[in-house]
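Asker: Quick one: the structure is below, and I'll ask about it shortly.
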Amino acid sequence: MIEFEAVSRSYGSTEAVKQLDLIVQPGELFALLGHNGAGKTTTIKMLVGLLRPGRGSIAIDGFDVARTPREAAQRVGYVPDEPHLYDKLSGREFLSFVANMHGLRAGTADAALAAQIERFGLGSFVDQLTESYSHGMKQRTVFAAAMLHDPRVLVVDEPLVGLDPHSIRLVKDLLKAHSQRGATVFMSTHTLTAAEELADRIGVMHRGELIFLGTLEELREQRHVVGGSLESLYLSLVDERGKPTPESPSP
Amino acid sequence: MLGAADEARLMRRLRYQTVRAQLKQVLTTARLRTGLVILLSVLFWIALFAMFYFGLEFLVKHVGPVGDQYHAQTIEFIFHLFFASLNVMLIFSAGIILYSGLFASEETRFLLTQPLRPERIVQHKLQEATLFSSWGFFLLASPLTIAYGLVAEAPWHYYALIGPLILAFVYIPSGIGAAACLLLIRYLSHLRLTVAALVASLAVGAAGWAIWETVRTPQAELFGAEWFNDTLRRFRFTQSEMLPSSWLSNALLDAASPPPTIPLPLDQTPAVRALMFLALLVSNALVCQLVVVTIAKRTFRRAFSELECRPRAPRRAGLTTIDRVAGWLFRPFPAPVQLILMKDWRLLRRDPVQWSQFLIFFGLLGLYFLNINRFSAPGSNLNHTAWINTVSFLNLGVVGLILSTFTTRFIYPMISLEGRRFWILGLLPVSRRTILWSKFLFAALGSLGPCGLLILTSDLVLGVDPLVVGVHQFTMMLLCVGLAGLAVGLGAAMPDFRESSPSKIAAGFGGTLNLVLSATYISLIVLLTALPCHLYLVAQGSGLNVRFLEGSRLIGWLIGGAVTALLLATVTTIVPLRRGIRAFNQLEFY
């Protein structure tokens, strides 16, 4: 479970996230939407322990990410939008490093590696140095690494960018299946069709504030629209709040 | 979760795997480059060793034999000053390298999302910072200490102690740099640049003042007894017992001392004293490690977050006066060339990493040239003329060599880097030939100004013959044009569009080839123009009557050398550029 409690974070005088209160339950697939600079990336960075909340607290399965970052990280699988891999390690060596980092014993780690290599179709290139991988291959390798320790919470930032249609289907199925097995999935995306297809609940951020939180049906009710697509609903919601500010220079 | 020992083992294995893969790759795909780098490093080491060895021999002959009071004072002075200076430099370089490793690295971002102790990440990066900041120290300290051992006929244990002493020593300034870096970012992240600039300015200012005080003595008193004593007094602070550099110097000097001829208490014997200094260095290095770990544990995650969330004002990009001046200078060229020149100029101007290195190196050279007459021999005899001319031509060679490193580092990768954004230029109605010629003009004109000015300064301060001034300006022009042609031509003939880092492109095979060819070209051009001019002036000044040095023959040598140099420069400029244009025209971009 993920719990944001009155979380705020500023970049100087610019408040990137304002008083965020949010609980994402186990078994739930949550999609965070918003324009560039809305505060999604800052929210995710706080969630995975890269940034500390300026105010408030974030807990993963009860572990505060600022006070007990290792315990929280142990329960998280994280797929960033721009994955980092060690150029001079093969995919297998990288996966093995991550598995060991999460404390998987030799036999368990080997089995987990084999399962994820099979699942993400890494077999044909997993023993090559990652410097030769395409973006899609890197993304699949990072997904495999994030899933090795069967995380209670999976955090994915723009999971579908740069993937081919087969990989997109694979990732969508994975996210759905992982949440159905009782894990919490937190996804940030601009791909509204994917959010519409996958998410149990949706959050819309605008200028650092969560301006909507609920299901697609609840959004339709709020906007008094019958059967509208998430794209049209999202655009009308955000446009009503005023044009988004240009993306801030924050990371 | 992993225990600390398992974590350490895992990070060691990560390091081992990455280094092994890197080495394997280097040995299989870049043998020539690796061989050249090793060969040049060995040659550089041998040259340094020879310089130190003959310098120390000079001391034995002209100051006093080993054991003599003046000799001991001089050696103490050299060792303490040398290691104290490097001590300060190591603090800065380790701090700066660690800063970039911890706060601007994708690896750190990844590691911070893993269940890893923050102090382990800092230690992992500190190992890299220590290695990268101290390799230069090893390169300088090893020939000096070995040369001293040979000159002083040191016992075997001196050589055995060099390695452990240096290793223990470098960890102390690295640890201090690391602790300072972490505390600075944690508590003064918004002032980090100001604080770093202030401390660096103070250090440079203090060093500059000390050097100025040392060399400003009137010419007649320079290197005299009083000057020597004054200099010793001025730098006495480098021998403070509190400095790790003093422990290292004392340990080396003690270890090199011969065994005592009279019985002494065990702790007074030189070998035991050297071991005690080693113990002092090791224990302090361990304390530094403990301090860094403690600070890292308490501050690193928070410091990383604070730095990431610092306010960042977007840079405004307007037309400055300097842009207008550049635009005016580019006016004689056709419009497309002007546009490309202006674009390259703006990219250079807005990237301080590029021009600041240029400024530092050429600034230091300028300072050296302005003070060079202080070391010239007085009088106007044959030796003096020969000395002045030799130094002036050496200066020319040095400026050329430094320029070649810049053309390799900054000009050679320009086409490779352009490849990634080639669609911008590719969609404009500009031929690829024009693009390449624009790069060449940019490099040649950009280097001619500062290099010509530097050489003019050197010549005027040395007071060389007007003929030499003219020959030097001519030579400098040939060097700038030839080096620019080589770098642009080879860069276009051997581009690397997959690499986005200019330093990595420059370190590749093409970059190494460019550097080697540039060094060869500089040597040939300087020899072709310098040697006849040098002989001509020597013969004129001495009135020697040797057939080989007859006036008419020498003028022939002079003109022949200049014409050959001009031909060589033309070939060196045109051939690589034509090859580059041909290859560039056939390239397919993605």
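The values are calculated or read from the model by the stated rules, or taken from the named source; none is laboratory data. Source: prediction; values computed, not measured. Cβ: placed from backbone, ideal geometry, glycine included. Neighbour counts: every protein chain shown.
Asker: Can you confirm whether A:G39 is within 14 Å of chain B (Cβ to nearest Cβ), in contact with a strand residue (DSSP E or B) (Cβ under 6 Å, 6 or more places away or on another chain) and at positive phi?
Answerer: Criteria met by A:G39.
Asker: Kindly provide the set of residues from the range A:42-93 that are touching a residue at least 60 places away in the same chain (Cβ under 8 Å), farther than 20 Å from B:K297 by Cα and within 7 Å of chain B (Cβ to nearest Cβ), ordered by number.
Answerer: Of everything in the range A:42-93, just one residue is touching a residue at least 60 places away in the same chain (Cβ under 8 Å), farther than 20 Å from B:K297 by Cα and within 7 Å of chain B (Cβ to nearest Cβ), namely A:Y78.
Asker: Within the range A:107-125, can one find any residue that is closer than 22 Å to B:R9 by Cα, charged (D, E, K, R) and at the interface with another protein chain (Cβ under 9 Å from one of its Cβ atoms)?
Answerer: no
Asker: Right, next: How many of the residues making up the range B:290-330 are surrounded by 14 or more Cβ atoms within 10 Å (Cβ to Cβ), more than 14 Å from every other protein chain (Cβ to nearest Cβ) and modelled with pLDDT of 95 or more?
Answerer: 4
Asker: Select from the range A:187-206 the residues that are surrounded by fewer than 18 Cβ atoms within 10 Å (Cβ to Cβ) and of a type in the set (G, A, S) and list them in ascending order.
Answerer: Hits for the range A:187-206: nothing passes.
Asker: Taking the residues in the range B:104-116 that are at the interface with chain A (Cβ under 7 Å from one of its Cβ atoms) and not polar (S, T, N, Q) as candidates, determine which candidate is nearest to A:I60 (Cα to Cα).
Answerer: Across the range B:104-116, the extreme among qualifying residues is B:P115.
Asker: Would you mention how many residues in the range B:19-51 are modelled with pLDDT of 85 or more and away from chain A (no Cβ under 14 Å)?
Answerer: Here the count works out to 11.
Asker: Oh, and also: Just one of the numbered conditions (1) under 30 Å from B:Q17 (Cβ atoms); (2) modelled with pLDDT of 90 or more is not true of A:V161; which one?
Answerer: (2)
Asker: OK, next. Kindly check whether there is at least one residue in the range B:135-144 that is assigned by TED's automatic domain parsing to the domain that holds B:A274, of a type in the set (A, V, I, L, M) and buried (at least 17 other Cβ atoms within 10 Å of the Cβ).
Answerer: yes
One line per residue, one yes/no per condition, for (1) small (G, A, S); (2) in contact with a Phe, Trp or Tyr (Cβ under 7 Å, 6 or more places away or on another chain); (3) part of a helix (DSSP H, G or I):
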{"residue": "B:V398", "(1), (2), (3)": "no, no, yes"}
{"residue": "B:L401", "(1), (2), (3)": "no, no, yes"}
{"residue": "B:S404", "(1), (2), (3)": "yes, no, yes"}
{"residue": "B:R409", "(1), (2), (3)": "no, no, yes"}
{"residue": "B:E418", "(1), (2), (3)": "no, no, yes"}
{"residue": "B:L425", "(1), (2), (3)": "no, no, yes"}
{"residue": "B:L428", "(1), (2), (3)": "no, no, no"}
{"residue": "B:L436", "(1), (2), (3)": "no, yes, yes"}
{"residue": "B:K439", "(1), (2), (3)": "no, no, yes"}
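Asker: With part of a helix (DSSP H, G or I), over 27 Å from the mean Cα position of the chain (by Cα) and within 22 Å of B:V292 (Cβ to Cβ) as the only criterion, which of B:L111, B:L102, B:L150 stands out?
Answerer: Exactly one residue qualifies, and that residue is B:L111.
Asker: Restricting attention to the range B:547-590, which residues are buried (at least 18 other Cβ atoms within 10 Å of the Cβ) and either modelled with pLDDT of 90 or more or not in a helix (DSSP H, G or I) (or both)?
Answerer: Hits for the range B:547-590 are B:A565, B:A569, B:T572, B:T573, B:P576, B:L577, B:G580, B:I581.
Asker: Within the range B:266-293, can you find the residues that are within 30 Å of the chain's Cα centre (by Cα) and not aliphatic (A, V, I, L, M)?
Answerer: B:N284, B:C288, B:Q289
Let's see how each residue does on (1) closer than 16 Å to B:T108 by Cα; (2) crowded, with 17+ Cβ neighbours inside 10 Å:
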| position | (1), (2) |
| --- | --- |
| A:M46 | yes, yes |
| A:P53 | no, yes |
| A:I58 | no, yes |
| A:F63 | no, yes |
| A:A72 | no, yes |
| A:R75 | no, yes |
| A:E82 | yes, no |
| A:L85 | yes, yes |
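Yes/no matrix, rows are residues, columns are (1) under 30 Å from A:L20 (Cβ atoms); (2) outside the structural domain of A:P26 (by TED's automatic domain parsing); (3) among the β-branched types (V, I, T):
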{"position": "A:D64", "(1), (2), (3)": "yes, no, no"}
{"position": "A:F94", "(1), (2), (3)": "no, yes, no"}
{"position": "A:G121", "(1), (2), (3)": "no, yes, no"}
{"position": "A:D127", "(1), (2), (3)": "no, yes, no"}
{"position": "A:T130", "(1), (2), (3)": "no, yes, yes"}
{"position": "A:Y133", "(1), (2), (3)": "no, yes, no"}
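Asker: Within the bounds of the range B:126-140, is there any residue that is assigned to a helix (DSSP H, G or I) and within 14 Å of another protein chain (Cβ to nearest Cβ)?
Answerer: yes
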